[in-house]
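One structure below.
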Amino acid sequence: MWDAQAVARVRDRKLNEIMVFASLAKIDRSNLDEYIDIIVSLGDDVDACDILLDTDGAAEIELDPIESELYTSRLSDAERADEDIFNSLRSEPPADAPPADIQQYVRDLLADAVQSLRSDDSRSEQAAEALESVKEELAGCRRRVEQLSQDLEYSRNEAASLEEELAELKEERKKLAAQVDELRSSEARLKIDLNLAEQKVSVLEPAYAEALEKLKSSEAKPEPEPEPEPAAAPAEEPADGYAGKFLSRESIDTIRRVKAMKDSKIDEALEACSRRELDMDVCDGIVSFLKTDVGICDALLGIDFTDRSSVVAGFRKIVEVVQSSEDPQHQDEYVQSLTQDEASLEYSYSQVVNSLQGMMMYMKDELVE
């Protein structure tokens, strides 16, 4: 049954399919021959549709249907139904019979081909239009590809710039984190120094006031007249009484214990550093101020507190040890390593040192001579 609308739809679709398969032929070279056959068959079908539409379906179309899988697989159900309607209008091509005169048959074929090329202008125009359309589409695709390439290059440059900026920010963040850690360590050291300073002040103030009071009292008291003494040997001042002016026996024992503890702590720090459990800079800082404390302890333990000149010489040696030492570092790591008993012993040592500082201030004139 004649269906002009279906044939018109088939004609329009096949014109579009010509452009589609022309594009596919440029992309997929492996099926190039089959694409060319499909394009030729589509052109024949478009011509057949035009003839059918011009004759209201009365013309006979002696063409084989397109059976290529590359073509039929693209058809939707509705398009396949239109294709079936169009194929039903085809008539079987005449059976090929051997020509009686082969030379005349070849002449007729060549004449028909020449006549077809001269008279079938519509197909040439359609092919030219299809080719121009394909060229325009390819030109548009080329422009789009160039634009996408430019966008991709811009995106790559921007990504590289952002990555470089991110690396700089990470490096800056690392530096700031190191500064924060250093500030925290400095804050911890300052807290320890402040605590020690407060302890020293609390001990030095009463010791200095007491020493100053004794000095004023001795200056205000009149000197007693000398009493006659027997010719025997002169009286000597008791050793314990003179030594008690500086350090008690308990304080000297504390110094001995502190020296032993600090020697042990030096060994522990060096062993921890050799096992890479302690940073080398931290180890150097701890060992440095511990050696200073050990030097102070050695100087104190070497003093003969029954001899004032020995006391003065020992105090001068302590001053030399302190002046030649570096500023203490990493005291917070050292304090954290102390046990409860060691911390108590460290506090007792600081009390002894603070009391000695008061006496050294009292004797400062002798120490600088």
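If the requirement is being out of contact with any Leu (no Cβ under 7 Å at 6 or more places or on another chain) and either at pLDDT below 60 or outside any loop (DSSP other than H, G, I, E, B) (or both), which of these qualifies: ASP64, ASP84?
It is ASP84.
Six or more apart or on different chains, Cβ atoms under 6 Å: show the pairs whose first residue is in segment 357-369 and in the same structural domain as SER309 (by TED's automatic domain parsing) and whose second is among the small types (Gly, Ala, Ser) and modelled with pLDDT under 75.
If the second residue must be among the small types (Gly, Ala, Ser) and modelled with pLDDT under 75, the pairs left are GLY358/ALA207; TYR362/ALA211.
Return the residues of segment 317-369 that are among the charged types (D, E, K, R) and surrounded by 14 or more Cβ atoms within 10 Å (Cβ to Cβ); say none if nothing qualifies.
Answer for segment 317-369, where residues must be among the charged types (D, E, K, R) and surrounded by 14 or more Cβ atoms within 10 Å (Cβ to Cβ): LYS317, ASP332, GLU333, GLU342, GLU346, GLU366.
Within segment 1-58, track down each residue that is closer than 16 Å to ARG80 by Cα and not in a helix (DSSP H, G or I).
ASP3
Is segment 132-142 home to any residue that is of a type outside the set (A, V, I, L, M) and modelled with pLDDT under 65? Walk me through it before giving the result.
Applying the first criterion (of a type outside the set (A, V, I, L, M)) to segment 132-142 yields 132-133, 135-137, 140-142.
Applying the additional criterion that residues be modelled with pLDDT under 65 yields none.
Scanning segment 132-142, I find no residue that is of a type outside the set (A, V, I, L, M) and modelled with pLDDT under 65, so the answer is no.
Condition check ((1) assigned to a loop (DSSP other than H, G, I, E, B); (2) of a type in the set (A, V, I, L, M, F, W, C)) across all residues:
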{"site": "ILE266", "(1), (2)": "no, yes"}
{"site": "GLU277", "(1), (2)": "yes, no"}
{"site": "GLY285", "(1), (2)": "no, no"}
{"site": "PHE289", "(1), (2)": "no, yes"}
{"site": "ASP298", "(1), (2)": "no, no"}
{"site": "VAL321", "(1), (2)": "no, yes"}
{"site": "LEU338", "(1), (2)": "yes, yes"}
{"site": "VAL353", "(1), (2)": "no, yes"}
{"site": "LEU356", "(1), (2)": "no, yes"}
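I'd like the full set of residues that are free of Cβ contacts under 8 Å to residues at least 60 places away in the same chain and within 12 Å of GLY57 (Cα to Cα), limited to segment 3-15. Before the answer, list the steps.
Start the filter on segment 3-15 by keeping residues that are free of Cβ contacts under 8 Å to residues at least 60 places away in the same chain, which leaves 4-5, 8, 11-12, 14.
Listed by number, the residues that qualify are ALA4, GLN5, ALA8.
Can you tell me how many residues in segment 71-80 are in a helix (DSSP H, G or I) and under 15 Å from ASP12 (Cα atoms)?
First, pick out the residues of segment 71-80 that are in a helix (DSSP H, G or I): 71-72, 77-80.
Those still in the list that are under 15 Å from ASP12 (Cα atoms) too: 78-80.
Adding up the residues that qualify gives 3.
(1) at pLDDT below 90; (2) under 20 Å from VAL352 (Cα atoms); (3) of a type in the set (Lys, Arg): which one isn't true of ARG276, the others all being true?
Answer for ARG276: the failing condition is (2).
Specify which of the listed residues (VAL180, VAL145) is assigned to a helix (DSSP H, G or I) and either closer than 30 Å to LEU42 by Cα or touching a strand residue (DSSP E or B) at 6+ places or on another chain (Cβ under 8 Å) (or both).
Just a single option satisfies the conditions, and that option is VAL145.
Here's a check for you: in segment 49-71, which residue that is without any contact (Cβ under 8 Å) to a residue 24 or more places away in the chain and surrounded by 13 or more Cβ atoms within 10 Å (Cβ to Cβ) is farthest from the chain's Cα centre (by Cα)?
So the residue we want is ALA59.
For segment 288-299, does any single residue satisfy the condition of being at pLDDT 90 or above and more than 50 Å from the chain's Cα centre (by Cα)?
yes
The values are calculated or read from the model by the stated rules, or taken from the named source; none is laboratory data. Being a predicted model, the structure only gives us computed values, none of them experimental. Heads up, the Cβs are rebuilt from the backbone with ideal geometry, glycines too, and the neighbour counts pull from every protein chain shown.
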